[in-house]
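Okay, structure first, notes after.
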Amino acid sequence: MERIDLNLFRVLDAIYTQGGVSAAARALHLTQPAVTHALGRLRDHLGDPLFVRQGNRLLPTDKVRAMMPSVQSHLKGLLASAHAQAQFTPAQLQMEFAIGFRDILESIALPRLVAEISKEAPGVRLVSRRVAADDMERELSAGTLDLVVDRPLRAGARISSQHLLDETLVVAMRRDHPCARQLSRADYLASAHVIVSPLGEPNALDTLLGQKGVFREVRMVAQHYFAACQIVAASDLLLTVPRAYAEHVAPLLPMALQSLPMRIKAISILAYWHDSKNNDPAHAWFRERLVKSITGAMQPSPA
């Protein structure tokens, strides 16, 4: 084992991530026989089949599932060390950054981020996807996500975070809604609502209201905020939505906005990353660009 070729673990990671030898070969820019040979060597070293075939995919064994978080973390660390030793030049970056985003942030911050990244580092590829709150720490630790931007989440000691901004809420409705000119607390609670819950998680506002003994009628649950905005623009339902996103979408739909007629503490938005990235200049550069894009996009419009 002391003479094992560490490149074999790059092959293991590629097969695990890509789900097959052919896809791993393309990702590593190797031939399929070379990847198959490397997998065979690693099987001999570890005394385990590592993957079993099911249809067109190779599924990892229990041994691989148990060791992959550590393998991916170490591979990321080695790459970070290599980046740190070299002079950092964004224009020369050839890498991928994966971000855990809610759809609100994706739609209003990602265009700014893409525009800036494309100018400075055209070789950078971005991946944005939703991550469940319970999976955030695991994915950051495994290196399958580089950053997560979300509301306050539980995280272990090795997860770093940065407060970005405080999110305020408004109420969206169709332009000719009876409450379009004035929305009272009584009107709000008497109305039917649509909420957004892409992964079936509890709605944060209803949790807060419930703690105060206040309840509203939820008539519909949608997966995405834009779909919810389209629904309220064509119905009597109300949608409580972050102000920055509502102001971004309102010009596109026949929608009116009113202030939320009750006192609710602003919701913090934070960026999360694994502390193994703290000394990685590429990650620090990307994080800075991401923070700038989000805070710029989420600033409230002048009164």
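The values are calculated or read from the model by the stated rules, or taken from the named source; none is laboratory data. Bear in mind the structure is a predicted one, so any value in this text is a computation, not a measurement. A quick note on method: Cβ atoms are made from the backbone with ideal geometry, for glycine too, and the neighbour counts reach across all protein chains shown.
Based on what the data block shows, is I231 closer than 22 Å to D150 by Cα and of a type in the set (A, V, I, L, M)? No: the conditions fail for I231. Within the set G210, G143, the sole residue that is under 20 Å from A271 (Cα atoms) and not β-branched (V, I, T) turns out to be G143.
For the range 92-111, the set of residues classified as surrounded by 17 or more Cβ atoms within 10 Å (Cβ to Cβ) and part of a helix (DSSP H, G or I) consists of D103, I104, L105, E106, S107, I108, A109, L110, listed by residue number. Which pairs turn up if I take residues in the range 73-99 that are at pLDDT below 75 and look for partners that are loosely packed, with under 12 Cβ neighbours inside 10 Å and in a loop (DSSP other than H, G, I, E, B) with beta carbon separation below 9 Å, at least 6 apart in sequence or on another chain? Every condition considered, the pairs that remain are L78/L6. Identify all residues within the range 95-133 that are among the charged types (D, E, K, R) and within 14 Å of L147 (Cβ to Cβ); write none if there are none. Result: E96, R102, E106, R129, R130.
Looking only at residues in the range 192-201 that are in a loop (DSSP other than H, G, I, E, B) and not hydroxyl-bearing (S, T, Y), the one that is surrounded by the fewest Cβ atoms within 10 Å (Cβ to Cβ) is G200. If I filter the range 251-274 for residues that are under 21 Å from A109 (Cβ atoms), among the basic types (K, R) and out of contact with any His (no Cβ under 6 Å at 6 or more places or on another chain), do I get at least one hit? Checking the range 251-274: not a single residue is under 21 Å from A109 (Cβ atoms), among the basic types (K, R) and out of contact with any His (no Cβ under 6 Å at 6 or more places or on another chain). Of the helices (runs of 4 or more DSSP H) entirely within the range 202-303, those holding at least 1 residues that are modelled with pLDDT of 90 or more and not polar (S, T, N, Q) occupy 225-233, 243-249, 281-298.
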